[in-house]
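Visitor: Following this message is one structure expressed as structure tokens.
The values are calculated or read from the model by the stated rules, or taken from the named source; none is laboratory data. Bear in mind the structure is a predicted one, so any value in this text is a computation, not a measurement. All Cβ positions, glycine included, derive from the backbone under ideal geometry; neighbour counts span all protein chains shown.
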Ligand code: HEM
């Protein structure tokens with residue numbers, strides 16, 4: 001046999017082994033799975049919007065099914081009961097995150113979001129104290145100050161009758177919330193959206209975000225093909241690292257042990273200045289996890305108001321009913337009374353979940369889920385946040401903030417009756433997703449659940465309300481050609497719309 005034939009036979013043999021490995025049953029209770037192909041597994045089933053493909057597959061294979069993403073065994077969860085089981089009840093088994101190549105680019109890239117259990121527990125405890133509802137309230141002034149700066153910038157556009165492209169302004173706003181609250185730093189009001197700190201951060205951010213979920217994370221042997229793009233990616237990640245390092249060094253120089261001025265001071269003090277790299281990486285987590293998600297939500301909010309003028313009008317009428325027609329600024333104290341506006345924001349979270357697949361988890365031991373399915377150790381878990389809010393509501397593709405109001409009313413009216421139903425559900429619900437149809441609070445979890453959910457949830461809720469309410473109060477939003485804006489999603493760290501511009505009309 002010549003060498004070429006030998007290599008061909010060997011290759012076919014390896015394909016066969018891989019095919020068998022990926023399709024063999026591990027137990028009688030494996031989650032269902034489509035047939036996996038050798039090498040790529042089920043990669044061919046994923047589109048450019050993987051959350052949509054995974055949701056389509058959930059229609060066929062159910063709320064818990066398994067896939068091979070390249071070589072990575074993955075279980076996708078679109079069942080709210082199992083979602084809770086994983087994130088809350090069996091939290092310790094599923095607390096860790098997988099460590100794909102893109103995360104390992106910085107050795108020990110384990111600030112908070114990718115830390116393993118022991119380090120995560122320590123850091124999360126410290127960080128959580130800065131993000132409680134009460135603590136966040138002390139930052140109201142700061143959120144309101146940044147909102148005012150944004151509205152003033154927008155007014156410059158409306159006064160000159162110029163079209164406004166929200167992306168960079170909302171990015172600046174979202175970055176400033178995190179920079180000022182956590183690191184006492186700010187991108188100045190008059191600082192350009194294209195130069196200085198903005199340029200220094202947004203270029204590496206955008207480039208780094210492009211790398212998320214790229215194919216060589218799942219097919220190791222393709223790495224050489226991505227050599228140059230990986231080198232660039234590494235450079236961009238280090239650019240953000242060096243930015244944070246400068247802030248860290250400055251804080252260390254000015255540190256007052258008795259009066260820490262922000263979260264960074266607290267982190268330095270509690271680590272006794274000995275864990276510089278970890279603290280810097282925690283700071284990077286906040287910048288990366290907190291800015292893009294908030295910015296995306298605010299952009300979607302503007303887009304949906306423009307595409308739904310009746311909703312915009314109704315929300316504006318509610319708002320002036322609460323704050324009065326002469327009011328020029330909505331404060332965070334008004335949030336309780338703006339139930340329609342809050343419903344719009346919730347509907348934006350549902351229909352265009354900024355983090356549609358959360359951040360993956362990994363099983364730390366062989367285990368059985370509450371529905372009896374077997375999950376082997378080392379399985380990657382994708383929490384299909386988008387899918388739950390899509391598959392388990394009526395008219396999922398329609399933007400209907402009213403559904404939240406109706407839901408709340410229904411809950412209030414039928415409280416007693418519902419308590420009884422819930423009791424009955426408890427006894428039967430283990431098998432049935434249908435019990436959750438239109439149970440919006442249960443199927444829409446944009447920040448995930450359990451002890452490792454989003455640490456920035458309280459901050460994000462206040463910030464997004466502040467921006468959205470004040471944009472609505474000050475401007476009527478329209479598209480520049482009076483047509484609907486394209487609401488196609490662009491998948492990345494967050495789900496963004498394609499970049500668009502707005503015609504702003506200042507309200508009287
Ligand atoms: C619209 C806004 C936001 C959304 C939808 C969102 C969503 C999420 C989701 C789904 C997770 C994964 C949770 C899990 O694994 O169960 C997460 C984690 C995280 N988020 Fe957010 N997030 C938002 C804003 C923020 C903000 C403003 C910050 C910081 C200031 C932040 C910091 C983090 C961090 C550090 C983690 C990792 C937590 C951990 O591993 O313990 N997020 N977020």
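Visitor: Within the range 371-381, identify whether any single residue is within 16 Å of the ligand (Cβ to nearest atom), closer than 18 Å to residue 51 by Cα and modelled with pLDDT of 95 or more, and answer yes or no.
Guide: There is at least one residue in the range 371-381 that is within 16 Å of the ligand (Cβ to nearest atom), closer than 18 Å to residue 51 by Cα and modelled with pLDDT of 95 or more.
Visitor: Return a yes/no flag: does the range 69-83 have any residue that is within 16 Å of the ligand (Cβ to nearest atom), more than 26 Å from residue 29 (Cβ to Cβ), buried (at least 20 other Cβ atoms within 10 Å of the Cβ) and within 22 Å of the chain's Cα centre (by Cα).
Guide: no
Visitor: Give me the pairs, please: first residue somewhere in the range 439-454 and on the phi < 0 side of the Ramachandran plot and in contact (Cβ under 8 Å) with a residue 40 or more places away in the chain, second residue anywhere and more than 8 Å from the ligand (Cβ to nearest atom) and part of a loop (DSSP other than H, G, I, E, B), beta-carbon distance under 6 Å, and either six or more positions apart or on two chains.
Guide: So the pair list comes out as 443/392; 452/95.
Visitor: Do you know which of the residues in the range 187-201 that are under 17 Å from residue 148 (Cα atoms) and either surrounded by 23 or more Cβ atoms within 10 Å (Cβ to Cβ) or without any contact (Cβ under 8 Å) to a residue 40 or more places away in the chain (or both) is nearest to the ligand (Cβ to nearest atom)?
Guide: Ranking the qualifying residues of the range 187-201, first place goes to 187.
Visitor: Consider only pairs whose beta carbons are under 6 Å apart and that are at least six residues apart or on different chains; among these, list those whose first residue lies in the range 278-295 and is closer than 23 Å to residue 465 by Cβ and whose second residue is near the ligand (Cβ under 8 Å from one of its atoms) and at pLDDT below 90.
Guide: Between residues of the range 278-295 that are closer than 23 Å to residue 465 by Cβ and residues that are near the ligand (Cβ under 8 Å from one of its atoms) and at pLDDT below 90, the close pairs are 286/182; 292/494; 293/494.
Visitor: What is the residue count in the range 20-45 for residues that are in a helix (DSSP H, G or I) and buried (at least 16 other Cβ atoms within 10 Å of the Cβ)?
Guide: Number of matching residues: 3.
Visitor: With respect to the numbered conditions (1) farther than 30 Å from residue 467 by Cα; (2) within 14 Å of the ligand (Cβ to nearest atom); (3) within 20 Å of the chain's Cα centre (by Cα); (4) surrounded by 16 or more Cβ atoms within 10 Å (Cβ to Cβ), which one is the sole condition not fulfilled by residue 90?
Guide: Failing condition for residue 90: (3).
Visitor: Tell me whether the range 305-315 contains one or more residues that are closer than 21 Å to residue 464 by Cβ, over 21 Å from the mean Cα position of the chain (by Cα) and not in a helix (DSSP H, G or I).
Guide: yes
Visitor: Which one is modelled with the lowest pLDDT among residues in the range 436-460 that are assigned to a helix (DSSP H, G or I) and either crowded, with 22+ Cβ neighbours inside 10 Å or touching a helix residue (DSSP H, G or I) at 6+ places or on another chain (Cβ under 6 Å) (or both)? Before you say what the answer is, go through the steps one by one.
Guide: Let us first name the residues in the range 436-460 that are assigned to a helix (DSSP H, G or I), namely 436, 440-443, 457-460.
Now drop any that are not either crowded, with 22+ Cβ neighbours inside 10 Å or touching a helix residue (DSSP H, G or I) at 6+ places or on another chain (Cβ under 6 Å) (or both), which leaves 436, 440, 442-443, 458-460.
Working: 436: 82, 440: 95, 442: 92, 443: 95, 458: 92, 459: 92, 460: 95.
Among residues in the range 436-460 that are assigned to a helix (DSSP H, G or I) and either crowded, with 22+ Cβ neighbours inside 10 Å or touching a helix residue (DSSP H, G or I) at 6+ places or on another chain (Cβ under 6 Å) (or both), the one modelled with the lowest pLDDT is 436.
Visitor: Turning to a different aspect of this structure: Hey, does the range 253-273 have a residue that's surrounded by 22 or more Cβ atoms within 10 Å (Cβ to Cβ) and more than 14 Å from the ligand (Cβ to nearest atom)?
Guide: So the first thing to find is which residues in the range 253-273 are surrounded by 22 or more Cβ atoms within 10 Å (Cβ to Cβ), and the list is 263-264, 267.
From what is left, the residues that are more than 14 Å from the ligand (Cβ to nearest atom) are none.
Within the range 253-273, none of the residues are surrounded by 22 or more Cβ atoms within 10 Å (Cβ to Cβ) and more than 14 Å from the ligand (Cβ to nearest atom).
Visitor: Okay, moving on. I'm trying to understand the selection: among the residues of the range 97-141, which are modelled with pLDDT of 75 or more, closer than 17 Å to residue 289 by Cβ and either more than 13 Å from the ligand (Cβ to nearest atom) or not in a helix (DSSP H, G or I) (or both)?
Guide: Once the filter is applied, which keeps residues that are modelled with pLDDT of 75 or more, closer than 17 Å to residue 289 by Cβ and either more than 13 Å from the ligand (Cβ to nearest atom) or not in a helix (DSSP H, G or I) (or both), the range 97-141 yields 97, 98, 99, 100, 111, 112, 113, 114, 115.
Visitor: Scan the range 15-34 and give yes if some residue there is in contact with a strand residue (DSSP E or B) (Cβ under 6 Å, 6 or more places away or on another chain) and without any contact (Cβ under 8 Å) to a residue 40 or more places away in the chain, otherwise no.
Guide: yes
Visitor: Being within 11 Å of the ligand (Cβ to nearest atom) and surrounded by 24 or more Cβ atoms within 10 Å (Cβ to Cβ), is that true of even one residue in the range 326-339?
Guide: So far as the range 326-339 goes, no, none of its residues is within 11 Å of the ligand (Cβ to nearest atom) and surrounded by 24 or more Cβ atoms within 10 Å (Cβ to Cβ).
Visitor: Next question. Quick test for you: out of 342, 393, pick the one residue that is more than 16 Å from the ligand (Cβ to nearest atom) and either part of a helix (DSSP H, G or I) or at pLDDT 95 or above (or both).
Guide: 393
Visitor: Tally time: how many residues in the range 345-370 are more than 12 Å from the ligand (Cβ to nearest atom), part of a loop (DSSP other than H, G, I, E, B) and in contact (Cβ under 8 Å) with a residue 60 or more places away in the chain?
Guide: Summing the residues that are more than 12 Å from the ligand (Cβ to nearest atom), part of a loop (DSSP other than H, G, I, E, B) and in contact (Cβ under 8 Å) with a residue 60 or more places away in the chain in the range 345-370 gives 5.
Visitor: Looking at 240, 268, can you tell me which residue is touching a residue at least 40 places away in the same chain (Cβ under 8 Å), part of a helix (DSSP H, G or I) and under 26 Å from residue 103 (Cα atoms)?
Guide: Details: 268 fails: touching a residue at least 40 places away in the same chain (Cβ under 8 Å).
Exactly one of 240, 268 is touching a residue at least 40 places away in the same chain (Cβ under 8 Å), part of a helix (DSSP H, G or I) and under 26 Å from residue 103 (Cα atoms), namely 240.
Visitor: Of the residues 231, 155, which is surrounded by fewer than 18 Cβ atoms within 10 Å (Cβ to Cβ), more than 16 Å from the ligand (Cβ to nearest atom) and under 23 Å from residue 476 (Cα atoms)?
Guide: Selected residue: 155, the only one of 231, 155 that is surrounded by fewer than 18 Cβ atoms within 10 Å (Cβ to Cβ), more than 16 Å from the ligand (Cβ to nearest atom) and under 23 Å from residue 476 (Cα atoms).
Visitor: Can you find even one residue in the range 143-159 that is in contact with a helix residue (DSSP H, G or I) (Cβ under 9 Å, 6 or more places away or on another chain), assigned to a helix (DSSP H, G or I) and without any contact (Cβ under 8 Å) to a residue 12 or more places away in the chain?
Guide: Yes: the range 143-159 contains one or more residues that are in contact with a helix residue (DSSP H, G or I) (Cβ under 9 Å, 6 or more places away or on another chain), assigned to a helix (DSSP H, G or I) and without any contact (Cβ under 8 Å) to a residue 12 or more places away in the chain.
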